[in-house]
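All remarks here apply to the structure that follows.
Readers should treat all values here as calculations from the given coordinates under stated rules, not as data from a laboratory. Just so you know, these numbers come straight off a predicted model, no measurement behind them. Cβ placement follows ideal geometry from the backbone for every residue including glycine, while neighbour counts extend to all protein chains displayed.
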Amino acid sequence: MDELKKDAESLRSQLVTWRRDFHRYPEVAFKEQRTSSVIRDFLLGLGLKVQTLAGTGLRAVLEGNPGERTVALRADMDALPLTEEGDKEYISQNPGATHACAHDGHMAILMGVAHLLSKWKKQFNGKVIFLFQPAEEQLPGGAKPMIEEGALEGAQAIFGLHLWQLLPTGTVGIIKGPMMAQADNFRIAVKGKGGHGSMPQLTVDPILAAAQIVVNLQSVVSRNVDPLKPAVLSFGKVEGGTVSNVIPEEVRLVGTVRTFDLPIQALIEKRLGEIVTETGKAFGAEASVEYEPGYPAVVNPSSMVDFVIEVTSKILGAEKIKPIDPIMGGEDFSLYLQKIPGAFLFFGAGDGKKFPHHHPAFDIDERALPQATLLMSSLALEFLKGNA
């Protein structure tokens, strides 16, 4: 294990170089052409068998000595459709795209793991599958087509991580059971009768109806959902109208629902439809909603969490395990966990960083990269030894 630690540490500058290259040239969901090409060339250079899945995704297989076990490791590839802010030397060169959620780091880490384990392939039995997945940040995401095209073929377990700015650098947060929420989207259309702003009595004002819909829907979580059950209903976009003195024909609203329990999700979907329709009627407008179920909740099997904690304690120290609460963010890693056992963990990269995930000036503490590479390599090796 000490030798593996040294090998991981020796990759520090290379990991930073990879990560900053991806950061300079971010690509959004299903458009990760350059990103995929860079990773493919690297994996082929290691002598791995590489397949293209889900358009821009990659599946590479590393074979050690003959063995019965196969483990999969996953990193997401896509950037967010944001224009980066700040003056960092490696700022995005692609307008309207930035790695504001650490996927650049995830890719660098998994490349580091592939490099390390390729050196160690004569020292383990079995196979390691490296999955570089497109489109985690959007619906529908990349996990589903990756799985449908054979990403998990032969694998008995899968592990993934998310660099997490809310944790101190080098620490690990993980939860048994539900860890990240189901993330659904909805779109509301409110249709009225437009006209001059000075004569509202001759119109049906969709802005007024939409405003009341926003207010009324806040009662769903506060009055319909058990207060001991986590749930979120938020609006992210309101669109309608053109100038100050014209009441428009239509207003459109977009939002998200986050839940852990399917009965709560079904309740919110039902109430959302009822409130939207009836509130629209109350104002003489026609209001409708389209509800789009998203990724299911990330649910970690207890036995696999125990395995991650054991390996983390062994290689990083028990003090590096930090208690965390479930979060309402979503992750399509959940789809892998519905197929085979595994675990998803947060790896701290927050020291000295103040801008949160999805902020245009987001950044990570790059000192986390070799530590995370060591942990992911160790999880793969220990699983192949039959320790999980």
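Along the charge dipole of segment 270-388, pointing to its positive end and built from +1/-1 on Cβ of Lys, Arg, Asp and Glu, which listed residue (Gly386, Leu345, Pro293) has its Cα farthest out?
It is Gly386, whose Cα lies furthest towards the positive end.
May I ask you to evaluate 6.51 cos²θ - 1.76 cosθ + 1.60, the Karplus curve with θ = phi - 60°, for each residue of segment 333-349 and list the ³J(HN,Hα) values in order in whole Hz, giving x for glycine and proline?
Coupling constants for segment 333-349: 4, 4, 5, 5, 5, 6, 9, 9, x, x, 7, 10, 9, 9, 10, x, 8 Hz.
With each label point set 7 Å from Cα along the Cα-Cβ vector, what nm distance links Val254 and Phe235?
Taking the simple label geometry, Val254 and Phe235 are separated by 1.5 nm.
If we sort 42-53, 67-78 on the protection proxy, mean other Cβ atoms within 10 Å, highest first, what's the order?
In decreasing order of mean packing, 42-53, 67-78 become 67-78, 42-53.
Give me the extension gain from Glu310 to Ala282: residue separation times 0.36 nm, minus the current Cα-Cα distance, reported in nm with one decimal.
4.3 nm
Among [x] 68, 39, 38; [y] 65, 43, 37; [z] 80, 43, 39, only one was calculated for this model; which label is it, if the read-out is Cα extents along the principal axes in Å?
Checking each listed value against the structure points to [z].
Please give the Cα centre distance for segment 66-90 versus segment 302-351, rounded to the nearest Å.
Comparing the Cα centres of segment 66-90 and segment 302-351, I get a distance of 17 Å.
Which of rounded, prolate, oblate describes segment 225-293, given a ≥ b ≥ c as roots of the alpha-carbon gyration tensor eigenvalues and a/c under 1.5 marking rounded, otherwise prolate only if a/b is larger than b/c?
Note, shape of segment 225-293 comes out prolate.
Along segment 287-293, what does the Karplus equation 6.51 cos²θ - 1.76 cosθ + 1.60 (θ = phi - 60°) give for ³J(HN,Hα), rounded to whole Hz, x for Gly and Pro?
Ordered by residue, 3J(HN,Hα) equals 10, 9, 9, 10, 10, 10, x Hz.
Quick one: compute the contact order of the chain, relative version, from alpha carbon pairs under 8 angstrom and 6+ residues apart, as a percent.
This gives 24 percent for the chain.
If you put +1 on each Lys and Arg Cβ and -1 on each Asp and Glu Cβ, how big is the dipole of segment 144-267 around its Cα centre, in Debye rounded to 20?
In total the dipole reaches around 300 debye.
At 7 Å along Cα-to-Cβ for each site, give me the label-to-label distance between Val246 and Asn387 in nm.
Label-label distance for Val246 and Asn387, simple model: 6.8 nm.
Mind listing the phi-derived Karplus ³J(HN,Hα) values for segment 365-372, rounded to whole Hz, using 6.51, -1.76 and 1.60 with θ = phi - 60°, and x for any glycine or proline?
7, 5, 5, 6, 4, x, 5, 5
Note down the magnitude of the dipole of the chain about its Cα centre, charges +1 on Lys and Arg C-beta and -1 on Asp and Glu C-beta and zero elsewhere, to the nearest 20 debye.
600
Whose amide H sits under 5 Å from the amide H of Gly294, counting only residues 5 or more places off or on another chain, with H placed in the peptide plane?
Here the answer is Ala183, Asp184, Asn185, since their amide H atoms fall under 5 Å of that of Gly294.
Enumerate the amide H contacts of Ile158 below 5 Å, restricted to partners 5 or more residues apart or on another chain; note that Pro and chain-start residues carry no placed amide H.
Result for Ile158 returns Ala72, Gly342, Ala343.
Just subtract the alpha-carbon distance of Lys119 and Leu44 from 0.36 nm times their residue separation and send over the number in nm, one decimal.
25.6 nm
Can you figure out the FRET efficiency of Lys354 with Ser13, using R₀ = 35 Å and their beta-carbon distance, to the nearest 0.05?
0.90
Report, in deg cm²/dmol and to the nearest 500, the calculated mean residue ellipticity at 222 nm for the chain, where each DSSP H run with n ≥ 4 adds -39500 (n - 2.57) and the sum is divided by the residue count.
Theoretical 222 nm ellipticity from helices: -10500 deg cm²/dmol.
Anything over 19 Å Cα to Cα? Flag those among Lys6/Lys385; Lys176/Lys322; Lys121/Lys385, in the order listed.
Lys6/Lys385
What is the distance, in nm, between label points placed 7 Å from the Cα along the Cα-to-Cβ direction at Glu319 and at Gln33?
5.0
By how many degrees, 0 to 90 and rounded to 10, does the Cα axis of helix 262-282 deviate from the longest principal axis of the chain?
20
Can you list the residues of segment 231-258 with backbone N under 18 Å from a point 7 Å past the Cα of Ser198, pointing along Cα to Cβ?
It comes to 243-248, nothing else.
Please state the charge dipole magnitude for segment 220-349, taken about the Cα centre, from unit charges on C-beta atoms (+1 on K and R, -1 on D and E), reported in debye and rounded to the nearest 20.
My answer is approximately 340 debye.
Select from Asn224, Thr169, Val190 the residue farthest towards the positive end of the dipole of the chain; place +1 on Cβ of Lys and Arg, -1 on Cβ of Asp and Glu, and compute about the Cα centre.
It is Thr169.
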